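Enquirer: After the structure tokens below, expect a handful of questions from me.
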Amino acid sequence: MFFKQQAQTPSTLSYQLNVAMACCGLILLITMLLAACGGTPTGNTSTAKGKVSVLYAGSLVNLMEKKIGPAFTQATGYSYEGEGKGSTALAAEIKGHLRTPDIFISASAAVDKSLMGSANGNYVSWYATFTRTSMVIGYSPQSRFAADLQAAANGNKSWYSVLEEPGMRIGRTDPALDPKGISTIILMELAEKYYHQPGLTTKILGSNDNASQIFPEEELTARLGSGQLDAGFFYLNEVKDQNLPYITLPTQINLSDPSMNSAYAQASYTDPKTSKKTVGAAIAYTITIPGTSKNAAGAIAFADFLLSSQGQTILLGDGLLQTTPALYGNISVVPAQLQQYFHS
Amino acid sequence: MGRNAGRSILAILGVLLLLYLVSPVGYFLFQLPWRAVPGQLADPTAISALVTSLLTATVSIVVIAVFGVPLGYILARRTFTGRGILTLLVYLPLVFPPVVSGILLLLLYGPYGPIGGPFTNAGFELDSSFTGVVLSQIFVASPFVIIAARSAFEAVDPALEQVAITFGKDSWEIFWRVNLPVARAGVIAGLLLGWLRALGEFGATVVMAYHPYTLPVYIFVQLSGTGVDAALPLALLTLAVSFVGVSFVLWTQHISNRRKVA
Amino acid sequence: MKSVMRETNDTTKALALEAQYRDEVAPTILAGDGENMLSVNLHHQLGAFQLAINFQVPLGLIVLLGSSGAGKSLTLRSIAGLLHAQQGHVVVNGQVLFDSAAGIHVPTQLRHIGYVPQHYALFPHLTVAENILFALPPSPARISWQYWRKQRAVRRTRVAELLSILELEGLERRYPVTLSGGQQQRVALARALAAEPRLLLLDEPFNALDAAVRERLRDTLKQFHRRFAIPIVLVTHDHAEAQQLADTIVVVQHGQVAQVGSVNDIFYAPRTPDVAQLVGQHNVFTAQFAPPPNQQKFAPPVALRLQPPVPSSSQSSIASSQNNEHGWLPLPGADLPPIPSIVGSKVISGCIRTDEIVVRRRGAGSVPPMWTAQGSVQWVGVLQEAQLYGHMVRLLIHPYVPGLSSDGLFIAESVLEVYLSRGQWRDVEVASGQQLVLEIPSKAIHLFERLAI
């Protein structure tokens, strides 16, 4: 005879667990379907009017995401989607069909020019400068050279002698990807002449494509903040965004004043690969509605907002400099609503 | 070499790697300004990014489960010409750097692409949308699930399938009622891995679908715009979410295994 | 059958179809009498292994007997349809399941053949009851809630029936990993039965179990084979098991059928030395044929010289080469079957059936007479060892060969195996090294038809 075995504890727990998991799965499924149908979930105030996608220079991240974007949405009801990167890199993406923005904001007119004309694909037919900024040297308060750098900021020491100190880690952006990288080199060349210090550029920057100094624009401030760099070349608005201490540079070299363009033009930079020559000029941010725009009404509304007094107030509050919007290109191709800003 | 020395060496090797993996997280938690964290986490965009991440990852993993687990089963159980090549193809998304994956997807599904173009013109963008995020995540996370599922199915005793055939069951029933339940642990481990991978996906989503923000992209935006201090609490969020997800799955596995142990 | 059932959407029709299914299948299950045959012919090349099986036996409890790697499992799987042989046919009770010439291969799902592999293949993720439930034939499509509920109740009852037949009550909710080997085996059987098979295939079902459980399960199997009249094909390498269970034995070796027959056929008349070894007849000899005195062409062998399996020692070879009359053990005589066309010293092979050998004490004094009154030959032997073997005693005895030594006796390298009951052993008990007398009648000698398949 086989011995009868004791019955094991019946698995009601397993049954309940199965039911619980099935319910969870069902709820999850329903939620997902709803979300997928509804598009982007919570956080959007209204998508009724559509979205405006803005590609902008990487130095404006904080301004655009925290200030301009929300203000624009509140004022007009369009939802705002922005992405910041080096201007030259963004232009390459537009040309390479990776991006189709409604608005393109760059940190250099040269970048816009590179998208104009039939040889370049006719992505841009007009652009307008709408604000300015100046070059400064931002530094990390945790740096071991902080005391010296602060002395330079106060004017007690010359900034270039501080930068020349051995062991100083300097950061700047890539001239190939970012107008600020080119501006840095031009700045140093102007400094050479201004301070009568020949060879200063090489001493401080090394070569033009010195890999130990070059970093992507979006990361530069972060690296400064995390202590990987002691000092770096930035725009004024960038360091103000991140509350970093900075050294102001003389107007003759900091590319901030358009009236000094003839002085700035004494320095230039030639791209080794494309042989394109960039002449020194005051830094101006440009805005355009490229041909890739999908939401025409939204794009016009955004440009209008930015050029309006409301937009300009926000810009000034961020450390950017006032400028009269100047149009490049035929005014007839500019949308009617925006033409009011360009009648000089 | 003594027996104990051999055992110690194994343990030491493992512990060293474990320390290396755990120490950055540990230090991060240690030096985090905890008082400031709740304020920083109240950022509505951050919460929105978190919800987007969770939803897209879950949708992606469900799609991968429905289509990828049967693929893993076929690769494990059926022999056919070209099986080797097919297995190789499954590894492809792993081979590409995620940014490259994003570019490839964008070429096809972007507004200029042959598939994406018609959709975009109809007003339904395949890139730069929830769908775009899901597409990127499916692309990068699939290999994890398929390969894990294949291993799990390979480990199933073929005799089980054979007796099921003699009971008159057809292929689908055998897959659903025999192979899948027996291979369940391995498949679920693969799905978990895929879910985590989808959750943490950055390179492909940055290129293909920058918006809507997923948590990794938003952390990067915060890093660029505001600085490291703004990014760290969000990293904490990522850590918490992953931890909860993994714990939940492991717990359910443990529960269902407990009643089967002798 | 299954697809037909799925198409219906009428309760009455469904019930009628189910009844028809039962009527059609049941008779074939119950009518397991001698007229039903299992015909298997398989030719299949698997790497270096060639399968060439051919047998036709009445359905009943068929045992495929053979050593490991002989091809028994492959044959079983071919019958089940899991292996698609390159050539051949399989016919069960008149139904052609496979015929390569006609291009017929009934898929496994439709063969209604139960298959229990080695290690049982119980579903580890299902309880005992669920395992058995899995195998039940699918009920027709659910038409109404009442019908579905009724069907569910019917299935539950069936599971309970099977559990009680195999004495598995109380184990319904256990998982297979928590069961003992014997319990797992019975669950596997219950599950195979649940599918209402026409034929049950068991692959070494009792291999992994300990002796006591094995005995009981063999009895159980025999009982329910009789009770339910389900034909069974069982694979084993254990000859005792084959003896206990089989109606018909098919001996498989090196991918071929060595012999087919009833239990007695195989054990008393193995065809080749390999089959003899397989069924436990260890007294196999190869011997030279001693020419009879009158030089007839067809004559029974008269004496045999036991040839040792290993190269002989110098002494015995000297003995055998020097003197023709010496080194020969006489055979019982005229009753032996004649070996055609053997003239001169040719090698023949045969065995001495252990159950026919009579062992007696050697009385002190002279050599016992070579021949008894009944025509049996008497050999003298030396006891090498007496092993206690359950209820029996196994004796290993060296037979003496007339030779050169001074007292006229000479030790050969061969060993004879004899089984005595314990009572018989008590009568003749001697110490190792002592002499015994072996009386061998002519019916103890069995000559093999061939040396190999």
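The values are calculated or read from the model by the stated rules, or taken from the named source; none is laboratory data. Remember, predicted model here, so these are calculated numbers, not experimental data. Reconstructed Cβ throughout: ideal geometry from the backbone, glycine too, with neighbour counts over all protein chains shown.
Enquirer: Can you find, within segment B:76-86, the residue that is nearest to residue B:204 (Cα to Cα) among those that are free of Cβ contacts under 8 Å to residues at least 40 places away in the same chain and surrounded by 10 or more Cβ atoms within 10 Å (Cβ to Cβ)?
Expert: B:86
Enquirer: Here are A:161, A:114, A:140: which of them is under 30 Å from residue A:198 (Cβ atoms), among the polar types (S, T, N, Q) and surrounded by 19 or more Cβ atoms within 10 Å (Cβ to Cβ)?
Expert: Answer to the selection: A:140.
Enquirer: Which of the residues that make up segment A:165-184 are touching a helix residue (DSSP H, G or I) at 6+ places or on another chain (Cβ under 6 Å) and either among the aliphatic types (A, V, I, L, M) or more than 20 Å from residue A:225 (Cα to Cα) (or both)?
Expert: Correct list: A:175, A:177, A:178, A:179.
Enquirer: Related question: Condition check: of a type in the set (Phe, Trp, Tyr), crowded, with 22+ Cβ neighbours inside 10 Å and touching a strand residue (DSSP E or B) at 6+ places or on another chain (Cβ under 9 Å). Does residue B:130 satisfy that?
Expert: No.
Per-residue answers, yes or no, for (1) under 30 Å from residue B:185 (Cβ atoms); (2) more than 8 Å from chain B (Cβ to nearest Cβ); (3) touching a strand residue (DSSP E or B) at 6+ places or on another chain (Cβ under 8 Å); (4) crowded, with 21+ Cβ neighbours inside 10 Å:
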{"residue": "C:97", "(1), (2), (3), (4)": "no, yes, yes, yes"}
{"residue": "C:110", "(1), (2), (3), (4)": "no, no, no, no"}
{"residue": "C:122", "(1), (2), (3), (4)": "yes, yes, no, yes"}
{"residue": "C:131", "(1), (2), (3), (4)": "yes, yes, no, yes"}
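Enquirer: While we're here: Please determine, by comparing only the residues of segment C:133-143 that are at the interface with chain B (Cβ under 10 Å from one of its Cβ atoms) and not in a helix (DSSP H, G or I), which one is modelled with the highest pLDDT. Lay out the reasoning, then the answer.
Expert: Of the residues in segment C:133-143, the ones at the interface with chain B (Cβ under 10 Å from one of its Cβ atoms) are C:134-138.
Next, from what is left, pick out any that are not in a helix (DSSP H, G or I): C:136-138.
Working: C:136: 85, C:137: 76, C:138: 71.
For segment C:133-143, the residue satisfying everything is C:136.
Enquirer: I've got another one for you. Kindly establish whether residue C:146 is more than 8 Å from every other protein chain (Cβ to nearest Cβ) and either among the β-branched types (Val, Ile, Thr) or farther than 30 Å from residue C:207 by Cα (or both).
Expert: Yes; evaluated as a whole, the condition is true for this residue.
Enquirer: Within segment B:97-111, count every residue that is surrounded by fewer than 17 Cβ atoms within 10 Å (Cβ to Cβ) and part of a loop (DSSP other than H, G, I, E, B).
Expert: Number of matching residues: 1.
Enquirer: Quick test for you: out of C:159, C:177, C:187, pick the one residue that is in a helix (DSSP H, G or I), in the same structural domain as residue C:111 (by TED's automatic domain parsing) and surrounded by fewer than 18 Cβ atoms within 10 Å (Cβ to Cβ).
Expert: Values: C:159 fails: surrounded by fewer than 18 Cβ atoms within 10 Å (Cβ to Cβ); C:187 fails: surrounded by fewer than 18 Cβ atoms within 10 Å (Cβ to Cβ).
None of the others qualify; the one that does is C:177.
Enquirer: Yes or no: residue A:38 surrounded by fewer than 23 Cβ atoms within 10 Å (Cβ to Cβ) and either modelled with pLDDT of 90 or more or touching a helix residue (DSSP H, G or I) at 6+ places or on another chain (Cβ under 9 Å) (or both)?
Expert: Taking the combined requirement at face value, the residue satisfies it.
Enquirer: Can residue B:46 be described as assigned to a helix (DSSP H, G or I) and over 16 Å from residue B:239 (Cβ atoms)?
Expert: Spelling it out, it is not the case that residue B:46 is assigned to a helix (DSSP H, G or I) and over 16 Å from residue B:239 (Cβ atoms).
Enquirer: Now for a different question. Considering only residues that are within 20 Å of residue B:166 (Cβ to Cβ) and either within 14 Å of another protein chain (Cβ to nearest Cβ) or assigned to a loop (DSSP other than H, G, I, E, B) (or both), which ones fall in segment C:72-89?
Expert: Those that are within 20 Å of residue B:166 (Cβ to Cβ) and either within 14 Å of another protein chain (Cβ to nearest Cβ) or assigned to a loop (DSSP other than H, G, I, E, B) (or both): C:73, C:74, C:76, C:77, C:78, C:79, C:80, C:81, C:82, C:83, C:84, C:85.
Enquirer: Of all residues in segment B:113-127, count the ones that are outside any loop (DSSP other than H, G, I, E, B) and in contact with a Gly (Cβ under 7 Å, 6 or more places away or on another chain).
Expert: Counting residues in segment B:113-127 that are outside any loop (DSSP other than H, G, I, E, B) and in contact with a Gly (Cβ under 7 Å, 6 or more places away or on another chain) gives 1.
Enquirer: Say whether the condition of being within 14 Å of chain A (Cβ to nearest Cβ), farther than 18 Å from residue B:49 by Cβ, over 15 Å from the mean Cα position of the chain (by Cα) and not aromatic (Phe, Trp, Tyr) is met by at least one residue in segment B:172-184. Talk me through it step by step, then tell me what you get.
Expert: Applying the first criterion (within 14 Å of chain A (Cβ to nearest Cβ)) to segment B:172-184 yields B:181, B:184.
Adding the requirement that they be farther than 18 Å from residue B:49 by Cβ leaves B:181, B:184.
So of that shortlist, the ones also over 15 Å from the mean Cα position of the chain (by Cα) come out as B:181, B:184.
Narrowing the set further to residues that are not aromatic (Phe, Trp, Tyr) leaves B:181, B:184.
The answer is yes, given that some residue of segment B:172-184 is within 14 Å of chain A (Cβ to nearest Cβ), farther than 18 Å from residue B:49 by Cβ, over 15 Å from the mean Cα position of the chain (by Cα) and not aromatic (Phe, Trp, Tyr).
Enquirer: Check segment A:198-215 and report whether any residue there is assigned by TED's automatic domain parsing to the domain that holds residue A:251, under 26 Å from residue A:61 (Cβ atoms) and under 15 Å from the mean Cα position of the chain (by Cα).
Expert: Yes; the residues of segment A:198-215 include at least one that is assigned by TED's automatic domain parsing to the domain that holds residue A:251, under 26 Å from residue A:61 (Cβ atoms) and under 15 Å from the mean Cα position of the chain (by Cα).
Every residue, every condition in (1) at pLDDT 90 or above; (2) at positive phi; (3) surrounded by fewer than 19 Cβ atoms within 10 Å (Cβ to Cβ), yes or no:
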residue: A:258; (1), (2), (3): no, no, yes
residue: A:274; (1), (2), (3): no, no, yes
residue: A:277; (1), (2), (3): no, no, yes
residue: A:283; (1), (2), (3): yes, no, no
residue: A:290; (1), (2), (3): yes, no, no
residue: A:301; (1), (2), (3): yes, no, no
residue: A:306; (1), (2), (3): yes, no, no
residue: A:310; (1), (2), (3): yes, no, yes
residue: A:343; (1), (2), (3): no, no, yes
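Enquirer: Please state which one of A:147, A:91 is without any contact (Cβ under 8 Å) to a residue 24 or more places away in the chain and either crowded, with 23+ Cβ neighbours inside 10 Å or part of a helix (DSSP H, G or I) (or both).
Expert: Within the list A:147, A:91, the selection yields A:147.
Enquirer: I'd like to verify a number: residues in segment A:256-282 that are in contact with a helix residue (DSSP H, G or I) (Cβ under 6 Å, 6 or more places away or on another chain) and of a type in the set (A, V, I, L, M, F, W, C), how many?
Expert: Summing the residues that are in contact with a helix residue (DSSP H, G or I) (Cβ under 6 Å, 6 or more places away or on another chain) and of a type in the set (A, V, I, L, M, F, W, C) in segment A:256-282 gives 3.
Enquirer: Criterion first (surrounded by fewer than 20 Cβ atoms within 10 Å (Cβ to Cβ) and either at pLDDT 90 or above or assigned to a helix (DSSP H, G or I) (or both)) does residue A:202 satisfy it?
Expert: yes
Enquirer: Quick one: would you say residue C:394 is of a type outside the set (A, V, I, L, M), at pLDDT 85 or above and over 23 Å from residue C:276 (Cα atoms)? Quick ask: steps written out before the conclusion?
Expert: Values: of a type outside the set (A, V, I, L, M): yes; at pLDDT 85 or above: yes; over 23 Å from residue C:276 (Cα atoms): no.
For residue C:394, the condition - of a type outside the set (A, V, I, L, M), at pLDDT 85 or above and over 23 Å from residue C:276 (Cα atoms) - is not met.
Enquirer: Can you tell me which of (1) over 16 Å from residue A:175 (Cα atoms); (2) at pLDDT 85 or above; (3) of a type outside the set (A, V, I, L, M) is the one residue A:227 doesn't meet?
Expert: All conditions are met except number (2).
Enquirer: Among B:53, B:8, which is the only one that is out of contact with any Phe, Trp or Tyr (no Cβ under 6 Å at 6 or more places or on another chain), within 24 Å of residue B:128 (Cα to Cα) and either of a type in the set (Phe, Trp, Tyr) or at pLDDT 85 or above (or both)?
Expert: B:53
Enquirer: Identify all residues within segment B:109-125 that are at the interface with chain A (Cβ under 9 Å from one of its Cβ atoms) and aromatic (Phe, Trp, Tyr); write none if there are none.
Expert: Result: B:112, single match.
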